[in-house]
Amino acid sequence: SARVLSGIQPTADSFHLGNLLGALRQWVALQDDFDAFYFVPDLHAITLPQEPKQLRARTRIAAAQILALGVDPSRSTLFVQSQVPEHAQLAWVLDCITGFGEASRMTQFKDKSSKNGSEQSSVGLFAYPMLMAADILLYRPALVPVGEDQRQHLELTRDLAQRFNSRFGKTFVVPEGHIVKETAKIYDLQDPTSKMSKSASTPAGLINILDEPKVSAKKIRSAVTDNEREIRFDPVEKAGVSNLLVIQSALSNTPVQTLVENYEGKGYGDLKSDTADVLTEFVVPLKAKVDEFLADPAELDRILADGAERARSIASATLAQVYDRVGFLAPS
Ligand code: TYM
């Protein structure tokens, strides 16, 4: 069957609600119909400084969360990027067909490098989108499930695939993004016009799925709304309320419209406490499962080693073809 591929960085002690609703839920759903490849991009993580011990721990925590959410390693391939060296190898080839100006236009690079200043920003941060393109193109997936913030990187991936194909002969599949409109961008609870992100200006705007439910409930109760009282879905005029509706809708599998109808005559306090309850119901069993996976790191590492082996069998075949087309001598 057709393939899907996606990745999520191991750069925090927990995934957040944006990661969950924008991407990870789609990962779990897609494995029913696709041959799925999911991975933890630790090579991407080091484009910003990481403490080695912490990176290793967070890589396992990331894998444990993906498994706890329902990615099934007997059907889907789950692996860690650094254990499949072909990613870095293909990235170099793609770096060499990417224009300097083209890479300079990536908005995520511009945001991250302007935060740190160009002297502090690494060349790796600049090359990040081409590594992401390599991650994808190695596996020839039909679909790449991601949130809205990855759209520009996917466009670059498609451009590079087409460019390589037209220069060297058809090699790559040009992938489509799978961006679910309703949840493609979950917003910061304190600043509901900015996306929820681990680098948010205040931790009060960010819901980590492994945090104590009480901590998250408090953040939801303090979420910024507006001065009206009416609960309706209007992302422009009522960004905060609409964000809570989207979150509750996704976590409870209830259409936003149904929620809005049920809230007729009720207030923001009801919306907030229900959203907190639905979140609590979701995260309590999830956290228990994550802890179970983390309690047996040897088994977790075995799952990842098995995934890396499966991933390599595909990645190495694509890379061999690329090396040949580019004009490298065959390995002896
Ligand atoms: P990362 O690790 O920042 O985020 C993981 C996934 O979560 C989505 N996401 C959101 N979705 C909705 N609302 C939000 N507020 C929100 N914040 C994050 C992201 O869109 C993403 O899907 N470059 C990627 C990782 C990567 C990758 C890949 C993805 C590396 N190689 C190949 C797909 C294919 C990243 O940094 O995502």
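No lab work stands behind these numbers, since they all come straight from the coordinates. As the structure is a prediction and not an experimental result, all values here were calculated from the model. Note that each Cβ is placed from the backbone with ideal geometry, even for glycine, and that neighbours are counted across all protein chains shown.
For a paramagnetic label modelled at 7 Å from the Cα of Thr193 toward its Cβ, which residues of the stretch 221-256 fall within the zone defined by backbone nitrogen distances under 16 Å? Answer for this model: 224-227, 234-243.
Entry note, the chain: the mean residue ellipticity at 222 nm calculated from DSSP H runs of n ≥ 4, each adding -39500 (n - 2.57), is -16500 deg cm²/dmol after division by the residues and rounding to the nearest 500. For the pair Asn227 and Ser122 in one chain, pulling the backbone fully straight at 0.36 nm per residue adds 33.4 nm over the alpha carbon distance. Amide H to amide H, with H built 1.01 Å from N, His16 comes under 5 Å of Ile209, counting only residues 5 or more places away or on other chains. Between Val123, Val84, Val146, the GNM of the chain built on Cα springs shorter than 10 angstrom shows Val123 fluctuating the most.
The overall shape of the stretch 1-98, judged from the alpha-carbon gyration tensor, is oblate: a/c is not under 1.5, and a/b is no greater than b/c.
For the stretch 234-332, the list of GluC sites (Glu not before Pro) that fall in a loop by DSSP and count at most 11 other C-beta atoms within 10 angstrom reads Glu237, Glu264.
Sites count as exposed loop sites when they are trypsin sites (Lys or Arg not before Pro), lie in a DSSP loop, and have at most 16 other Cβ atoms within 10 angstrom; the longest stretch of the chain without one is 1-74.
Along its principal axes, the chain has C-alpha extents of 73, 44, 40 angstrom, given from the largest down. For the stretch 223-330, what log10 I(q)/I(0) values come out of the Debye formula at q = 0.11, 0.15 1/Å, with one point per alpha carbon and no solvent? Results for the stretch 223-330 at q = 0.11, 0.15 Å⁻¹ read -0.63, -0.73. Computed over the Cα atoms of the stretch 92-169, pair by distinct pair, the Kirkwood hydrodynamic radius stands at 13.2 angstrom. Remark: relative contact order (the chain) = 22 percent; criterion is Cα-Cα distance under 8 angstrom and separation of 6 or more residues.
List the pairs from Lys53/Lys289; Lys170/Lys195; Lys185/Lys272; Lys170/Lys198; Lys238/Lys289 whose alpha-carbon separation is above 28 Å, in the order I gave them.
Values: Lys53/Lys289 23 Å; Lys170/Lys195 37 Å; Lys185/Lys272 19 Å; Lys170/Lys198 39 Å; Lys238/Lys289 36 Å.
Lys170/Lys195; Lys170/Lys198; Lys238/Lys289, as the Cα separations exceed 28 Å there.
Under the 0.36 nm per residue contour assumption, what length would be gained going from the current alpha-carbon distance of Asp159 and Lys214 to full extension?
Details: separation 55, 0.36 × 55 = 19.80 nm, distance 4.54 nm.
Working it through step by step, the gained length comes to 15.3 nm.
With Cβ to Cβ distances under 12 Å as the rule, what net charge do the other residues near His16 carry (K, R +1; D, E -1)? Intermediate results must be reported in sequence, preceding the final value.
Values: positive: Lys195, Lys198, Lys219; negative: Asp13, Asp188, Asp211.
Every neighbour counted, the sum reads 0.
Once the Cα-Cα distance is subtracted from the 0.36 nm per residue extended length, the Glu264 to Glu182 segment shows a gain of 27.3 nm.
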